[in-house]
Amino acid sequence: MKVRTGIEVSSQSDIGCLRTNNEDSFGYWEPEDDDQFLRKGRLAVVADGMGGYEGGQEASRLAVETLMAVYRDYGGDDPQAALVEALQAAHEQIRQYSFAHPELRGMGTTCTAAAIVRVVDGSAQYDALYYVHVGDTRLYLIRNGQITRVTRDHSYVGRLVEAGMISAEQAETHPQRNILTAALGTNPDLVMDSPGRPEPLRPEDVLLICSDGLWGQMRDSEILDAVENKSAEQAGRKLIDLARERGGPDNITVEILRLR
C-alpha cells in the first residue's frame, strides 16, 4: 500500500476475545497517478458484517472491495457522488450474493467510508472530508484536544437518543444497543447518511473509523486520550488493547488517519 506524504495511516483489526472469526473488513486506497490523486484523494473504509459465521464475513468483504473499486473507477469529479454510487453498488452486490447463496440469507454489513480530497477554492487550498455511512460503525474527528462524532448510529437505541427518550449515557449500556435500523444488503432500499457539503480539515486533524467492537467498550473521551500524542500505529494498538482488556466481546477494527 503506497501512502503519499502528508498523512499517517494505520489500519488494525483484532478478532477480540470471544469470537471465533473476524467479520470486520477494512481498506485504504489512494491512486498511484498524480492527476487521479488530485481528483480522488485518499479513501478509508470500515465494515462490520452480520448474518452468521460466513455471511457476515462475506458481506463486509464485498462491501469494502466493491466500494473501493467503484470509487476508484468513477468517472466524474465529485468525490461525494462517487462515494454514494460506490455504497449503492456495494449494497446491490451483497443482495445479489445473498440471493445466489440462500444459506447466507440475512447477511448484511455496516459500512463507513471517508475520502480526504484536496479542494482548490480560488487562491485557497485545503483538504476536505467527504463520507458515506450506514449502520453503527463510527467516524470521529479529533481536533485541538476535542473529539467529535461525525456519523450517527443507525440503530434502535440511536433513534431513542435522537427522540430524547434516553440519554447518550444510557444508550451505552442499553440491552438493545446492537439492533440496527439500517445496513448494507438487508432491505431492498438503502438508507445512508451523506453530507451535503464537505467538511474542511486542518493540519494535525485525526480521522478515526471504528467498528462497535471498539467504541462499545469505551467512552469517546477514552478514545481521545488514546490517540493524543501518539503515532497512528501506537494509538490503534492502544485502543485495541483497551477493548480486549474490557472483555473484547466483538471483533475490533480501527483505522486512523492523521493529517500532517
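The values are calculated or read from the model by the stated rules, or taken from the named source; none is laboratory data. The structure displayed is predicted, hence computed values, not measured ones. All Cβ positions, glycine included, derive from the backbone under ideal geometry; neighbour counts span all protein chains shown.
Structure above, values below:
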{"item": "The stretch 127-148 residues that are under 16 Å from C210 (Cβ atoms), paired with ones that are basic (K, R) and in a strand (DSSP E or B) (beta carbon under 8 Å, 6 or more apart)", "result": "R138/R149; L139/R149; Y140/R149"}
{"item": "In the stretch 141-159, the residues that are outside any helix (DSSP H, G or I), among the hydroxyl-bearing types (S, T, Y) and under 21 Å from L184 (Cβ atoms)", "result": "T151, S155"}
{"item": "Residue match in the stretch 156-167 (condition: under 19 Å from the mean Cα position of the chain (by Cα), surrounded by fewer than 19 Cβ atoms within 10 Å (Cβ to Cβ), at pLDDT 95 or above and among the aliphatic types (A, V, I, L, M))", "result": "no"}
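Here's the yes/no breakdown for (1) assigned to a strand (DSSP E or B); (2) modelled with pLDDT of 95 or more; (3) closer than 19 Å to P198 by Cβ:
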{"residue": "S25", "(1), (2), (3)": "yes, yes, no"}
{"residue": "V45", "(1), (2), (3)": "yes, yes, yes"}
{"residue": "A59", "(1), (2), (3)": "no, yes, no"}
{"residue": "V64", "(1), (2), (3)": "no, yes, no"}
{"residue": "G76", "(1), (2), (3)": "no, no, yes"}
{"residue": "Q80", "(1), (2), (3)": "no, yes, yes"}
{"residue": "L83", "(1), (2), (3)": "no, yes, yes"}
{"residue": "A86", "(1), (2), (3)": "no, yes, yes"}
{"residue": "Q93", "(1), (2), (3)": "no, yes, no"}
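Let's see how each residue does on (1) closer than 23 Å to M107 by Cβ; (2) free of Cβ contacts under 8 Å to residues at least 24 places away in the same chain; (3) among the β-branched types (V, I, T):
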| site | (1), (2), (3) |
| --- | --- |
| V3 | no, no, yes |
| E8 | no, no, no |
| Q12 | no, no, no |
| S25 | yes, no, no |
| E30 | no, no, no |
| D33 | no, yes, no |
| L38 | no, no, no |
| A47 | yes, no, no |
| M50 | yes, no, no |
